[in-house]
Amino acid sequence: LALKEIMSSGGAEDDIPQAERKTVTDFCYLLDKSKQLFNGLRDLPQYGQKQWQSYFGRTFDVYTKLWKFQQQHRQVLDNRYGLKRWQIGEIASKIGQLYYHYYLRTSETSYLNEAFSFYSAIRQRSYYSQVNKEDRPELVVKKLRYYARFIVVCLLLNKMDVVKDLVKELSDEIEDYTHRFNTEDQVEWNLVLQEVAAFIEADPVMVLNDDNTIVITSNRLSETGAPLLEQGMIVGQLALADALIIGNCNNQVKFSELTIDMFRMLQALEREPMNLASQMNKPGMQESTEKPARRENPHKYLLYKPTFSQLYTFLAASFKELPANSVLLIYLSATGVFPSGRSDSEGPYDFGGVLTNSNRDIINGDAIHKRNQSYKEMHCLHPGDLYPFTRKPLFIIVDSSNSVAYKNFTNLFGQPLVCLLSPTAYPKALQDQSQRGSLFTLFLNNPLMAFLFVSGLSSMRRGLWEKCQDYLRKINRDIAQLLTHSRSIDQSFLQFFGDEFLRLLLTRFIFCSATMRMHKIFRETRNYPESYPQLPRDETVENPHLQKHILELASILDVRNVFLENTLDDY
């Protein structure tokens, strides 16, 4: 159809050479095919790791051909098809989206770099610059959506300077759009701006260069990240293969479908991205002297405000596909749900749990509870709901005001099982930061920033930050030794300790717990993290050697007065 219109508007069909006509026909075919495949991506199941790969491969192939084709035949397509720059931008934007979705499905951070390079090219080459001259609001919306997607990729790559530029440009574009078209979606677009602004400012501490520019710190696993295992250290050989990252906190900062807690935890489960070019050697091209590629990131599902059905479906899919000798991690950052009635028993459904989303009108649910106190909460993930999945190694992190519900776990099947549980309340004297993310999750993602925050510091020079990071690495090494040398520690901890990601989470958990127990304003039991099984305190979180290290870190920062000294009397 497009071809007929072009031919008729361009004068007699005979004027167009056969080769050029074929170029336009081929382009139209590739464009239609690419749109068809792209739209089909929405129908692919969100869970299960294998079904989607061949479909993605076909979609990538068509877009690669389309991209090269328009580059090679740009002149003809300009003259005969009337190809506009925003249409080239649309193709590049779709390729960026493909790479981003490939990252979401594989957890391979290198694909984020690819998405970034396509999104960057659109901006550098001003593909969308002419859109504002056309009187078509739907085209401007495409441009605004491109900005929002680009911002998500930049946030995930910690390119905060680019994010700030994009937010400014997006703000100008939204103003221009609403001014020209008087549309109803103005409020929604302004909300997007507010969300990203709050997201950028969520970190409670700024690290500054000498010229007062902000240092961008990355919290992904680097080569030197996890403490190395000593020679002869006996730990399990399990590997973290899959993770569910669930965010369902009321009123927490979010952007796109990521709360700040989800954002922090997903980075704690990823390695620093490498460039695909350096990593993706063609099969057979690898020199025998080269080291084999490092182990890849664990696969993960990001679930924002899932219903119980959604959560259980994804959990079952992960469980089904978990390879041998692998671990499934479940991270729950969610509002606590407390039992409504008193119960005489103390079973896995008697302590409440964390909130799952309810699609239906919540009022009906409340009415049922008021009539009969003996029913359990329906829109809640109870500890008992996870029991079937403890047939395989399970590592659970609960960040919630009712995290202690998961202390009452029972290991039914004798498989490795650990739950790390956040404090259920924080001291009143600590300014409420919950909207900007949980302190417990911050300790697991960026322990030094969390330590500075509880010490009352809000900014720091780069040199001192790096000195403290070095010292913290030493502390992590010592914590690793405390764990592996402990006589009375539950074996589950050691079975998970062979995996780099889990090793880092466990050492950070112990650092967090030890810090809070020494802090002057964390005085109630509910202010401390807990775990199932319990850790031997004197050998880990209250170990005098570790307490001495924490005081030394506080001395480097000149905040020793924030911590109790008398815990060291016996040292």
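The values are calculated or read from the model by the stated rules, or taken from the named source; none is laboratory data. Because the structure is a prediction, the values reported are computed rather than measured. No Cβ is skipped: glycine too gets one built from the backbone with ideal geometry, and neighbour counts run over all protein chains shown. Ligands, DNA and RNA are stripped out before the accessible areas are found, and what is left, the full protein with its side chains, is counted by its heavy atoms. Shrake-Rupley method; radii C 1.70, N 1.55, O 1.52, S 1.80 Å.
When residues of region 321-334 are filtered for being open to solvent by 40 Å² or more (accessible area, probe 1.4 Å) and touching a residue at least 60 places away in the same chain (Cβ under 8 Å), how many remain?
Residues in region 321-334 being open to solvent by 40 Å² or more (accessible area, probe 1.4 Å) and touching a residue at least 60 places away in the same chain (Cβ under 8 Å): 3 in total.
Which ones in region 102-120 are hydroxyl-bearing (Ser, Thr, Tyr) and either open to solvent by 40 Å² or more (accessible area, probe 1.4 Å) or at negative phi (or both)?
Scanning region 102-120 gives Tyr102, Tyr103, Thr106, Thr109, Ser110, Tyr111, Ser117, Tyr119, Ser120.
I need the full set of residues from region 243-267 which are farther than 17 Å from Val192 by Cβ, open to solvent by 10 Å² or more (accessible area, probe 1.4 Å) and aliphatic (A, V, I, L, M), in order please.
None - no residue of region 243-267 is farther than 17 Å from Val192 by Cβ, open to solvent by 10 Å² or more (accessible area, probe 1.4 Å) and aliphatic (A, V, I, L, M), so the list stays empty.
Answer with yes or no whether Ile556 is crowded, with 21+ Cβ neighbours inside 10 Å, assigned by the TED database to the domain that holds Phe443 and either within 31 Å of the chain's Cα centre (by Cα) or more than 20 Å from Phe395 (Cα to Cα) (or both). Working first, answer last.
Details: crowded, with 21+ Cβ neighbours inside 10 Å: no; assigned by the TED database to the domain that holds Phe443: yes; either within 31 Å of the chain's Cα centre (by Cα) or more than 20 Å from Phe395 (Cα to Cα) (or both): yes.
Against the criterion (crowded, with 21+ Cβ neighbours inside 10 Å, assigned by the TED database to the domain that holds Phe443 and either within 31 Å of the chain's Cα centre (by Cα) or more than 20 Å from Phe395 (Cα to Cα) (or both)), Ile556 does not qualify.
Which residues, taken from region 463-487, are open to solvent by 10 Å² or more (accessible area, probe 1.4 Å), over 26 Å from the mean Cα position of the chain (by Cα) and either free of Cβ contacts under 8 Å to residues at least 60 places away in the same chain or not assigned by the TED database to the domain that holds Asp558 (or both)?
Passing the criteria: Gly463, His485, Ser486, Arg487.
Can you go through Ser340, Ser345 and tell me which one is loosely packed, with under 13 Cβ neighbours inside 10 Å and at pLDDT below 95? Give the steps one after another, and end with the answer.
Numbers: Ser340 fails: loosely packed, with under 13 Cβ neighbours inside 10 Å.
Answer to the selection: Ser345.
If you take the residues of region 508-553 that are surrounded by 14 or more Cβ atoms within 10 Å (Cβ to Cβ) and among the hydroxyl-bearing types (Ser, Thr, Tyr), which of them is nearest to Leu420 (Cα to Cα)?
The selected residue is Ser531.
When you look at Tyr63, is it open to solvent by 20 Å² or more (accessible area, probe 1.4 Å), over 30 Å from Asp172 (Cα atoms) and hydroxyl-bearing (Ser, Thr, Tyr), yes or no? Full working, then the answer.
Details: open to solvent by 20 Å² or more (accessible area, probe 1.4 Å): no; over 30 Å from Asp172 (Cα atoms): yes; hydroxyl-bearing (Ser, Thr, Tyr): yes.
Criteria not met by Tyr63.
Is it true that Ser93 is hydroxyl-bearing (Ser, Thr, Tyr) and on the phi > 0 side of the Ramachandran plot?
Taking the combined requirement at face value, the residue does not satisfy it.
Could you identify the single residue in Glu287, Glu296 that is of a type outside the set (S, T, N, Q), at pLDDT below 80 and either outside any strand (DSSP E or B) or open to solvent by 30 Å² or more (accessible area, probe 1.4 Å) (or both)?
Unique residue meeting the criteria: Glu287.
Any idea which of (1) modelled with pLDDT under 95; (2) open to solvent by 30 Å² or more (accessible area, probe 1.4 Å) is the one Met460 doesn't satisfy?
Condition not satisfied by Met460: (2).
Residues are listed down the side, and each one gets a yes or a no for (1) closer than 25 Å to Phe497 by Cβ; (2) open to solvent by 20 Å² or more (accessible area, probe 1.4 Å); (3) assigned to a loop (DSSP other than H, G, I, E, B):
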| site | (1), (2), (3) |
| --- | --- |
| Leu420 | yes, no, no |
| Tyr426 | no, yes, yes |
| Ala429 | no, yes, yes |
| Gln435 | no, yes, no |
| Phe440 | yes, no, no |
| Phe443 | yes, no, no |
| Ala450 | yes, no, no |
| Gly456 | no, yes, yes |
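Between residues in region 161-181 that are open to solvent by less than 60 Å² (accessible area, probe 1.4 Å) and residues that are assigned to a helix (DSSP H, G or I) and basic (Lys, Arg), which pairs lie under 7 Å by C-beta distance while being six or more apart or on different chains?
Correct list of pairs: Glu173/Lys143.
Could you run through region 18-37 and say how many residues are open to solvent by 60 Å² or more (accessible area, probe 1.4 Å) and not basic (Lys, Arg)?
Result for region 18-37: 6.
Just to verify a result, which residue in region 66-101, among those that are at pLDDT 95 or above and polar (S, T, N, Q), is least open to solvent (accessible area, probe 1.4 Å)?
That would be Ser93.
Spot the failing condition for Trp52; the list is (1) surrounded by 14 or more Cβ atoms within 10 Å (Cβ to Cβ); (2) more than 19 Å from Thr106 (Cα to Cα), and only one is missed.
For Trp52, the exception is condition (2).
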